[in-house]
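The values are calculated or read from the model by the stated rules, or taken from the named source; none is laboratory data. No experiment lies behind these values; they were computed from the predicted model shown. Neighbour counts run over all protein chains shown; Cβ positions are idealised from the backbone, glycine included. All accessible areas refer to the heavy atoms of the entire protein, side chains included, with ligands and DNA or RNA removed. Shrake-Rupley method; radii C 1.70, N 1.55, O 1.52, S 1.80 Å.
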Amino acid sequence: MSTAKVLAMMSRSLDRSEFEALLREPALRADVGPGTPWPAVVTLLGDSDPALSAAVQELPCPVVGVGEGPLQDACDVVVRSVTDAAPLFDNAMATPLAAMVLVQQLRLSTTLPTASALIAESLAFATLQMGPEFCAWRAAHRKKPCAPQPLESQLLVERREDSLHLRLNRPARGNAIGVSLRDALCATLEAAQCDDSIRHVHLEGSGSHFCAGGDLDEFGLAPDPATAHWVRTQRFPGAWLAQFGDRLSCRVQGAAVGAGIELAAFASTIRAAPDAWFQLPELRYGLIPGAGGTVSLPRRIGRQRTAYLALSMTQLDAEGALNWGLIDAIEH
């Protein structure tokens with residue numbers, strides 16, 4: 001069913017009284033979310049009862065508020081018009097399970113310490129990797145041929161006095177992060193964390209793109225969700241990057257997609273080239289950001305903007321990223 005037809009059925013959105021009825025009656029929650037005609041709730045915000053804020057975040061689907069009102073902070077995303085909400089609804093309809101898990105994880109993440117939030121993200125991501133939406137994408141995915149690259153050259157490491165400079169170096173793959181590059185990052189960052197003489201770590205990428213995200217050809221290789229979670233908790237670059245705090249900086253150019261911006265967002269300072277652009281495309285695979293993005297991005301730009309990026313899958317240019325605080329400067 002098209003977005004236009006669904007929104008027409010809903011009189012384009014729930015009005016304030018309809019939304020409040022949904023929030024006050026727990027039994028009605030079964031009528032929204034995966035497996036229903038409403039994979040997301042679009043509601044006109046008005047003079048609603050602020051006491052219903054907690055109930056908003058108990059709904060099993062994205063809640064898109066339109067306009068302003070007492071419940072706007074509780075919504076997962078706030079937009080200006082029903083038209084602006086349409087693509088979010090459409091994308092939630094395509095992968096309703098991933099959309100549900102996305103907003104549930106973002107709601108949880110902002111209440112937890114960083115380390116705990118990363119564990120929660122890993123569990124959520126591993127669960128979706130065995131879900132029907134990701135399995136359908138993987139069955140249709142065709143691997144792209146690419147010449148093999150020596151493992152030792154995928155991450156370039158240079159020590160400059162008290163600074164460690166790391167360069168992602170898979171330019172033929174847009175510096176996509178596969179297993180080998182992930183493991184090299186983890187080993188290097190772990191060693192750096194144990195070296196008190198390293199005062200600063202700088203991360204960048206070779207070629208025209210900073211990082212095109214996770215290597216799609218290596219998605220879903222774990223045999224089961226439990227093993228996938230175990231591997232991620234043992235070898236997770238985001239967990240190490242998060243520990244550097246003010247000592248970590250990053251420069252991005254071209255694409256910073258998926259894991260590219262998720263990892264970079266752990267840095268205290270991100271500088272971007274004018275051609276840099278940012279995107280969270282994971283929903284189209286039936287997944288959520290899984291390289292730490294549900295933790296790093298909300299701490300930079302807030303939960304609602306993170307949810308908007310992930311639900312819309314839109315591309316954000318350097319100027320937009322600067323306005324949002326996703327990056328700190330544009331270097332011409």
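Overview of values
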{"read-out": "Helices (runs of 4 or more DSSP H) fully within the range 219-332 counting 1 or more residues that are closer than 29 Å to Glu190 by Cβ and of a type in the set (Lys, Arg)", "value": "225-234, 298-301"}
{"read-out": "Residue match in the range 115-127 (condition: surrounded by fewer than 17 Cβ atoms within 10 Å (Cβ to Cβ), at pLDDT 95 or above, under 23 Å from Thr233 (Cα atoms) and of a type outside the set (A, V, I, L, M))", "value": "yes"}
{"read-out": "Residue match in the range 176-183 (condition: surrounded by 15 or more Cβ atoms within 10 Å (Cβ to Cβ), among the acidic types (Asp, Glu) and at pLDDT 95 or above)", "value": "no"}
{"read-out": "Hits in the range 82-102 (condition: surrounded by fewer than 17 Cβ atoms within 10 Å (Cβ to Cβ) and of a type in the set (S, T, N, Q))", "value": "Thr83"}
{"read-out": "Extreme residue, nearest to the chain's Cα centre (by Cα), among residues of the range 258-282 that are in contact (Cβ under 8 Å) with a residue 60 or more places away in the chain, farther than 15 Å from Ala239 by Cα and crowded, with 24+ Cβ neighbours inside 10 Å", "value": "Glu282"}
{"read-out": "Near pairs, Cβ below 9 angstrom, 6+ apart or cross-chain, from the range 208-225 (closer than 30 Å to Pro274 by Cα and touching a residue at least 60 places away in the same chain (Cβ under 8 Å)) to any residue that is surrounded by fewer than 16 Cβ atoms within 10 Å (Cβ to Cβ) and basic (Lys, Arg)", "value": "Leu216/Lys143; Leu216/Lys144; Asp217/Lys143; Asp217/Lys144"}
{"read-out": "Residues of the range 103-114 classified as among the charged types (D, E, K, R) and open to solvent by 50 Å² or more (accessible area, probe 1.4 Å), total", "value": "0"}
{"read-out": "Residue ID - modelled with the highest pLDDT, chosen from residues in the range 218-237 that are open to solvent by less than 50 Å² (accessible area, probe 1.4 Å), touching a helix residue (DSSP H, G or I) at 6+ places or on another chain (Cβ under 6 Å) and within 25 Å of Arg299 (Cα to Cα)", "value": "Pro237"}
{"read-out": "Residues of the range 203-217 that turn out to be assigned to a strand (DSSP E or B) and either at pLDDT below 95 or open to solvent by 30 Å² or more (accessible area, probe 1.4 Å) (or both), as a count", "value": "2"}
{"read-out": "Selection status of Ala85, among the small types (Gly, Ala, Ser), modelled with pLDDT of 90 or more, out of contact with any Gly (no Cβ under 7 Å at 6 or more places or on another chain) and within 17 Å of Arg107 (Cα to Cα)", "value": "no"}
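Yes or no, residue by residue, for (1) crowded, with 24+ Cβ neighbours inside 10 Å; (2) at negative phi; (3) in a helix (DSSP H, G or I):
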| position | (1), (2), (3) |
| --- | --- |
| Pro34 | no, yes, no |
| Thr43 | yes, yes, no |
| Ala54 | no, yes, yes |
| Pro60 | no, yes, no |
| Val64 | yes, yes, no |
| Gln72 | no, yes, no |
